[in-house]
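The values are calculated or read from the model by the stated rules, or taken from the named source; none is laboratory data. Values in this document were obtained by computation on a predicted structure and should not be read as measured data. Backbone-built Cβ (ideal geometry, glycine too); neighbour counts: all protein chains shown. Quick note on the areas: whole protein, heavy atoms, side chains included, nothing else; ligands and nucleic acids left out. Shrake-Rupley method; radii C 1.70, N 1.55, O 1.52, S 1.80 Å.
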Amino acid sequence: MPLSRRQREVLHEMGIPVWVRRGLAGVEAMDSVPRAPSEGLRVAAPVEPTPVMSSAGVSPPVAELDWEALRTRVASCVACSELAPRRTQTVFGVGDPHADWLFIGEAPGAEEDRRGEPFVGRAGQLLDNMLATLGLARGENVYIANILKCRPPGNRDPKPEEAAACRPFLDRQIALIAPRVLVALGRVAAQALLDTTVPLGQLRGEDRAYGGIPLVVTYHPAYLLRSPADKAKAWADLLRARGLMLRA
Ligand code: URA
């Protein structure tokens with residue numbers, strides 16, 4: 001599919017030479033035989049949080065909640081003793097609840113904690129540009145969520161127990177959205193979803209899956225702001241994701 005003028009402009013803004021277009025056919029051809037996730041990668045086991053007591057009794061498990069009940073449950077979560085008291089609000093996610101694309105980041109930062117929406121800072125602008133290269137826009141057939149719904153203090157990495165406590169919420173979002181392709185943005189998201197400590201460089205570039213849904217691993221937009229030379233690799237990852245979407 002040829003790139004639109006807007007997509008070419010965004011690629012230019014991202015510092016990606018438009019000659020990368022010539023790689024499109026090659027990338028899609030390389031992707032034509034889906035591979036199984038690499039050996040040695042385990043599938044993360046979701047942890048169901050302790051049932052919540054309400055005046056009506058024990059609340060239903062997260063895996064049975066509808067979208068609004070899930071949002072409410074997330075907003076009242078106090079599972080992580082270091083995160084819950086410090087947050088301004090939880091950051092549930094944003095976008096089309098029936099999207100084909102689900103982009104998953106790490107955790108809210110300071111601005112996201114203030115505004116209640118993921119990826120609203122400079123990294124968010126770059127993510128929007130990355131979406132535009134695919135002909136996508138935030139909220140239109142795209143959902144954006146994070147591994148954690150609360151901001152870790154000082155923007156430290158999520159702790160494994162925090163990621164595990166928050167996982168049922170993300171899993172329920174995935175089940176309700178039923179996306180056709182997942183994109184893990186950065187090491188933290190990729191390692192958490194794939195339950196591995198394998199470095200990002202080795203997780204990229206291979207077709208993976210989470211819960212039976214194709215998963216593409218790419219760089220975090222904040223990393224790309226610091227290392228613009230890797231934007232061309234991120235573009236290759238997005239083309240891989242588009243190839244998976246076309247086959248999904
Ligand atoms: N980085 C993330 O991983 N998620 C956000 O929501 C913002 C920045």
Inset, instruction - Could you tell me whether the stretch 157-170 includes any residue that is open to solvent by less than 10 Å² (accessible area, probe 1.4 Å) and either in a loop (DSSP other than H, G, I, E, B) or free of Cβ contacts under 8 Å to residues at least 40 places away in the same chain (or both)? - result: no
Legend entry - Matching residues, the stretch 82-99, being open to solvent by less than 30 Å² (accessible area, probe 1.4 Å) and either at pLDDT below 95 or farther than 23 Å from Gly139 by Cβ (or both): Leu83, Ala84
Inset, instruction - Output the residues belonging to the stretch 209-231 that are open to solvent by less than 40 Å² (accessible area, probe 1.4 Å) and farther than 18 Å from Ala178 by Cα. - result: Val217, Thr218, Tyr219, His220, Pro221, Ala222, Leu224, Ser227, Asp230, Lys231
Legend entry - Candidate set from the stretch 135-154 (those that are open to solvent by 20 Å² or more (accessible area, probe 1.4 Å) and not basic (Lys, Arg)); member that is farthest from the ligand (Cβ to nearest atom): Gly135
Inset, instruction - Please work out which one of (1) under 19 Å from Arg156 (Cβ atoms); (2) within 16 Å of the ligand (Cβ to nearest atom) is the condition Thr197 fails and give its number. - result: (2)
Legend entry - Only one of Leu102, Leu127 that is aliphatic (A, V, I, L, M), assigned to a helix (DSSP H, G or I), open to solvent by less than 20 Å² (accessible area, probe 1.4 Å) and within 27 Å of Asp195 (Cβ to Cβ): Leu127
Inset, instruction - With the checklist (1) modelled with pLDDT of 95 or more; (2) touching a Ser or Thr at 6+ places or on another chain (Cβ under 8 Å); (3) charged (D, E, K, R); (4) open to solvent by 70 Å² or more (accessible area, probe 1.4 Å) in hand, flag the one item Arg42 doesn't pass. - result: (1)
Legend entry - Unique residue being modelled with pLDDT of 95 or more and not in a loop (DSSP other than H, G, I, E, B) when the list is Ala145, Ala107, Ala79: Ala145
